[in-house]
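Where a number appears in this text, it was derived from the coordinates with a stated rule and is not lab data. Here the structure is a predicted model, which is why all the values come from computation and not from measurement. Note: ideal-geometry Cβ built from the backbone for every residue, glycine included; neighbour counts use all protein chains shown.
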Amino acid sequence: MVKQPIFMTNAEKKCRELWRQCVKLRDRFCVICGWTPPELGQLNAHHIWFQSAGNWKVLFDIDFGTSLCRWCHLEREYAPHVDNEKFLEKILPRIKQDSPDRAAKIIKFLNEPKEVLTEKPCYAEIAGKLQLKFKELESSYWMNKDIDNSRGAPI
């Protein structure tokens, strides 16, 4: 169970859960060590940029999320909850290799002044966009599973 702030509305909780599901479905494995779990629920979705700064546009953008196993998320010397600088040094080259555009977006954001948004987000709109993204990723996930099965590769 993921710890969430007490003051979070049900709409925000739904958006956060959809965000986590999308990140894990996109990555499908720990992007640091490469571990592929038997079930996606065994991965942790982590915000590359800490969510506490109040920018909900980044908070719900799956480009700013990554999937990690519990060990890489919490325990290793370069785990984000141990040393975020080392984590960024480890993760950004991997993201750049897989998705140069996504990496450029993250690096640009990390290097610019942070905007704290004071207006309230429209959670219904955010949830709708995340649900569409989830359906797109889910379709891709099952298509790739079918391809893996047709090649005889283990799932």
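What the table below lists for this structure:
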quantity	calculated
Dipole of the range 22-126 [Lys/Arg +1, Asp/Glu -1 at C-beta], most positive-end residue of Leu117, Leu59, Ile106	Ile106
Cβ-based net charge around Lys135, under 13 Å, with every Lys or Arg adding one and every Asp or Glu removing one	+1
Viscosity 0.692 mPa s, temperature 37 °C, Stokes-Einstein D of the range 22-126 from Kirkwood C-alpha radius, µm²/s	228 µm²/s
Structure-based [θ]222 nm, the chain - -39500 (n - 2.57) summed over DSSP H runs of at least 4, per residue, nearest 500	-16500 deg cm²/dmol
Glu39 paired with Ser140, simple spin-label distance in nm, labels 7 Å along Cα-to-beta-carbon	2.4 nm
